[in-house]
Amino acid sequence: MKIEAGSENRLTTQHVSELARALLASPEVSTRAALLADAMRSALPGSACALYALRSGAEGAFFTALGVSDEISVEESAIPADGPLFAPLMQSPRPLVYSASELAREDYAHIQVVRTIRSIGYLPLLQEQQLVGTFEIVSFTDLLTETGLQSLDELAGLAVAAVGSAEQFEEQRQNLLDSIHRLTQLYDLEKSLNETLDFEPLLELIPVKVAAMLPCQAIHLWMFEGGKLKLVSAWGEDATAEVGTMEEVGEGYVADMAEEGAPLLISDADDPRLESRNERAGNSQPITNALMVPLIEHDKNGGESELGVLEAVNKEGGEGFSEDDLFFMNSMSETVTSALKNASLMYAERKLEILEALVQVSSEITSTLRLERLLQIIVNSPQSVLPFERCSIALDNRGRLQLKAVSGMATIPAGDLQVEHLRELLQWLSSYDQQLLIRQHGDEPETDDPKVRAAIAKHFEASDYRALFALPLADDQGRVGLLLYESSDPDFLEQAHIEMIKVLAGQTTVAIRNALLYREVPLISLLEPLVQRKQAFLRSDRKRQGVILGSVVAGILLLIFCPLPLRISGAAVVAPQSVVTLAAPVEGTIANVYAREGQHVSRGEVLGTMDDWSWRNQLAAAQAKYEAAMLAMQGDLARHSSQAGEDRTQADYLRAEMERARLRIANAQLRSPIDGIVMTPDLQNAAGEHLDAGAAFAQVLDLASARVNIAVDQADAKLVQPGQTAAIKLDSFPAQTLHGQVFSVSPEAQPAGDSRVFYAHVLLPNENAQLRTGMEGRAKIFAGLRPAGYVLLRAPALWLWKTLWDWIGW
């Protein structure tokens, strides 16, 4: 099937028949396009051919290559229809020919070709007088003519029919594959949603799974709550709606659609309903198309009830949702509704179980007024319905939380590491007056507060738990305590569990308050002996009353006017002492060591020397050069030579070199910077070692003084001032009392067991190094003279005052 370029020959029937059989045997577009391109190349020897289809897109019309013959290739997937070679074809669909002299390389930049082009021709493909594509013929030998191309109209008509039917075939095949794919997706959706019966996780899962099947900007799950629609879960980004948003009829198209109960497709970006919703986000992320289907539950009697709405906005790709998408999402809604129904039934059953357990626990709580028994019931009984691993309760004591009971422990063991970590957490939680729910799914707790994140992360690392729920116990009289639940499962609490804990916390608060009041009732029996003594005093004679009153007055006067020394006692510990490191000033090798571990040394004493042979050689060489330079300078001066200035500069440089050499030799003497004791083990074996500049050679312990820290209870901290004298008795020297002066008091309290202390710092002489870091003992600080009553009765008076305040609380 060959014709000469430029002739008006037509294809023979045999050629057309052979091509038609080949086209029928290959239904794909790419194969048929390649056959048609090859047929055109065979019809025009010495040429190559590409078959294009005309498409339209968001940026306008463009041509895309469907098939290309040998010797050329088309790299661009979309060639603008307004290009220099295609624009005339768009204006007048007829055969066009461009000779090589008329063409610039930029005109056919979409073609990759290695041979020399004689001409390029275009044979349009018309369907009902509309341009649907074109043949692009590149001739390498002869000059194409429009008449010659027009003679191939029969091949162009065959190409239109063949490509059109192939595209229909591929579209039908793709629709079939899409249907099978969507059926598979629906099966996967049903399988995924039915794997969980937990209501809250299911709500989070539904938008994620729907978005995977229907790509779009965002998926929203709306559920009815009290006659209104509430956005309970979402996937993607949508500034027009946030989780927790409520909407009722008349406030938005979602609620209006739910009222009608029919699926809704909005594909017009200018729809007033979309414009109204976009105003909420200030058009930062406008919604241009939306798709909604109702979630309708069918009961056994044929009735219907609407659970909510499933919404998708802004389909991916920008083309908008179609009726097929509406049908597909409507199919998904049936699966979603079924999963929600099953989860709701399970949620109701769990809630009923929790309520029954709550009634049982409540009866146990109200059955006793013994505080210890009550606390054990609170931390242990709810474990049958609350999935915690550890429950603990702490009661408020003067603004601080004290651990009172832990689940699984009849008593709180002293010194237990886990209990100590729990106490630290409770002290940190003392400042919180609201509930706190912290989970950790990854490496850090999930909270926006960096302080909370750091404290909880430390506790989780020490305890291996990954979630905690802390709920303060308070009533109108103030805080009673705190209830704490912990688990290694970050999602151990559901909403129903939290609701039960809150109800339990209310009953617990009342029960604990009643138990505390019950414990205070025995105070009346303690006051009865005092009343009896008062009555006996009033019944006695006047003389006896006078003696008793005189003794009391004398005792009071003695307590008021007789001064006694006030001493503040506390635990004492020797603080870490100052150690000075002697470093090599220059790089070199240790030649001699003159000290050993434990040896007393004085400031400036040589502890070792470094090998300075090379430095002495440098000094001798520099000195010889310096003397030679001086002689040369003197000779030049005698001859009045101008070289004398340069000699003087050289001499100055050599003198500086001599000084540097002397400095290195001086630095080779490693001297103690302070008076003290050598602390470096095996120092005498350091000879021969090579040290870099700045490397440590020895450490010397400062003997000037030792610091002793005295723990002062926070109640006595205001009595301690710098300058006061202190007497210290260490356990290591039980027969020796050390004396010193307080030079400072720490400004911040530190925890010490269940209390907090301030540290008074005392300096003691330590010439013989007998005071070593970590030694412990007791100390007394002299706080001046005070009335005897203040000194003797201060401690019991403070205890009584605190006790009365705790009981009465005015």
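The values are calculated or read from the model by the stated rules, or taken from the named source; none is laboratory data. Here the structure is a predicted model, which is why all the values come from computation and not from measurement. Quick reminder, even Gly has a Cβ in these numbers, built from the backbone with ideal geometry, and neighbours come from all protein chains shown. Please note that ligands, DNA and RNA were not included when accessible areas were found on the heavy atoms of the full protein model with its side chains. Shrake-Rupley method; radii C 1.70, N 1.55, O 1.52, S 1.80 Å.
What strands (runs of 3 or more DSSP E) completely inside segment 639-733 contain at least 3 residues that are closer than 30 Å to T609 by Cβ and in contact (Cβ under 8 Å) with a residue 24 or more places away in the chain?
Values: elements: 669-671, 676-678, 696-702, 706-713, 725-730.
It comes to 669-671, 676-678, 696-702.
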What's the total number of residues in segment 183-234 that are at pLDDT 80 or above, under 17 Å from M346 (Cβ atoms) and touching a Lys or Arg at 6+ places or on another chain (Cβ under 9 Å)? 1
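Name the single residue that is surrounded by the fewest Cβ atoms within 10 Å (Cβ to Cβ) among those in segment 110-128 being in contact with a Gly (Cβ under 9 Å, 6 or more places away or on another chain) and farther than 14 Å from G157 by Cβ. Outline the logic, then answer.
Pass one, segment 110-128, residues in contact with a Gly (Cβ under 9 Å, 6 or more places away or on another chain): 110, 118, 121, 124-127.
Restricting the remaining residues to those that are farther than 14 Å from G157 by Cβ gives 110, 118, 121.
Numbers: H110: 21, R118: 18, G121: 27.
Residue satisfying both the conditions and the ranking: R118.
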Kindly evaluate A65 against the criterion of being under 30 Å from H15 (Cβ atoms), among the hydrophobic types (A, V, I, L, M, F, W, C), touching a residue at least 40 places away in the same chain (Cβ under 8 Å) and not in a helix (DSSP H, G or I). no
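What strands (runs of 3 or more DSSP E), lying completely within segment 538-635, carry at least 1 residues that are of a type in the set (D, E, K, R)?
Numbers: elements: 563-574, 579-583, 588-593, 606-610.
Output list reads 563-574.
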Going by the structure shown, is Q435 in contact with a Leu (Cβ under 7 Å, 6 or more places away or on another chain), surrounded by fewer than 19 Cβ atoms within 10 Å (Cβ to Cβ) and on the phi < 0 side of the Ramachandran plot? yes
Starting from segment 503-514, keep only residues that are closer than 10 Å to L473 by Cβ, then list their pairs with residues that are open to solvent by 40 Å² or more (accessible area, probe 1.4 Å) and modelled with pLDDT of 85 or more whose Cβ atoms are within a distance under 6 Å, requiring at least 6 positions of separation or different chains. T509/D475
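Just to be sure, is A53 in contact with an Asp or Glu (Cβ under 9 Å, 6 or more places away or on another chain) and either open to solvent by 30 Å² or more (accessible area, probe 1.4 Å) or in a helix (DSSP H, G or I) (or both)? Break it down stepwise before answering.
Numbers: in contact with an Asp or Glu (Cβ under 9 Å, 6 or more places away or on another chain): yes; either open to solvent by 30 Å² or more (accessible area, probe 1.4 Å) or in a helix (DSSP H, G or I) (or both): no.
No: the conditions fail for A53.
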Kindly list the number of the only condition in (1) within 26 Å of the chain's Cα centre (by Cα); (2) surrounded by 15 or more Cβ atoms within 10 Å (Cβ to Cβ) that fails for K451. (2)
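When you scan segment 303-314, do you find a residue that is over 25 Å from L203 (Cβ atoms), of a type outside the set (F, W, Y) and out of contact with any Asp or Glu (no Cβ under 7 Å at 6 or more places or on another chain), even just one? Even if it seems obvious, please write down each step before you answer.
Start the filter on segment 303-314 by keeping residues that are over 25 Å from L203 (Cβ atoms), which leaves none.
Checked against the condition, which is being over 25 Å from L203 (Cβ atoms), of a type outside the set (F, W, Y) and out of contact with any Asp or Glu (no Cβ under 7 Å at 6 or more places or on another chain), segment 303-314 yields no hits at all.
Select, from A58, A65, A100, the only residue that is at negative phi, surrounded by fewer than 14 Cβ atoms within 10 Å (Cβ to Cβ), hydrophobic (A, V, I, L, M, F, W, C) and within 50 Å of the chain's Cα centre (by Cα). Step through it out loud before you land on a result.
Values: A65 fails: surrounded by fewer than 14 Cβ atoms within 10 Å (Cβ to Cβ); A100 fails: within 50 Å of the chain's Cα centre (by Cα).
From the options A58, A65, A100, the qualifying one is A58.
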Within segment 127-162, tally of residues that are under 30 Å from A100 (Cα atoms), within 60 Å of the chain's Cα centre (by Cα) and aliphatic (A, V, I, L, M): 3
In segment 724-750, residues that are open to solvent by less than 90 Å² (accessible area, probe 1.4 Å), of a type outside the set (A, V, I, L, M) and under 30 Å from V419 (Cα atoms) total 2
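At pLDDT below 90, surrounded by 16 or more Cβ atoms within 10 Å (Cβ to Cβ), farther than 18 Å from A159 by Cβ and touching a strand residue (DSSP E or B) at 6+ places or on another chain (Cβ under 9 Å), is that true of A5?
Values: at pLDDT below 90: yes; surrounded by 16 or more Cβ atoms within 10 Å (Cβ to Cβ): yes; farther than 18 Å from A159 by Cβ: yes; touching a strand residue (DSSP E or B) at 6+ places or on another chain (Cβ under 9 Å): yes.
So A5 fits the description; yes.
Could you identify the single residue in L176, L158, L131 that is open to solvent by less than 80 Å² (accessible area, probe 1.4 Å), modelled with pLDDT under 90, out of contact with any Lys or Arg (no Cβ under 9 Å at 6 or more places or on another chain) and closer than 30 Å to S56 by Cβ? Reasoning before the result, please.
On the way: L176 fails: open to solvent by less than 80 Å² (accessible area, probe 1.4 Å); L131 fails: modelled with pLDDT under 90.
Within the list L176, L158, L131, the selection yields L158.
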Filter result (open to solvent by less than 30 Å² (accessible area, probe 1.4 Å) and in contact with an Asp or Glu (Cβ under 8 Å, 6 or more places away or on another chain)) within segment 315-335: T335
Any hit, segment 72-85, residues being open to solvent by less than 50 Å² (accessible area, probe 1.4 Å), in a strand (DSSP E or B) and farther than 30 Å from G318 by Cα: yes
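So that you can scan it fast, the table gives a plain yes or no per residue for (1) touching a Lys or Arg at 6+ places or on another chain (Cβ under 8 Å); (2) without any contact (Cβ under 8 Å) to a residue 24 or more places away in the chain; (3) among the polar types (S, T, N, Q); (4) in a helix (DSSP H, G or I):
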{"residue": "N330", "(1), (2), (3), (4)": "no, no, yes, yes"}
{"residue": "N342", "(1), (2), (3), (4)": "no, no, yes, yes"}
{"residue": "K351", "(1), (2), (3), (4)": "no, no, no, yes"}
{"residue": "A357", "(1), (2), (3), (4)": "no, no, no, yes"}
{"residue": "S381", "(1), (2), (3), (4)": "no, yes, yes, yes"}
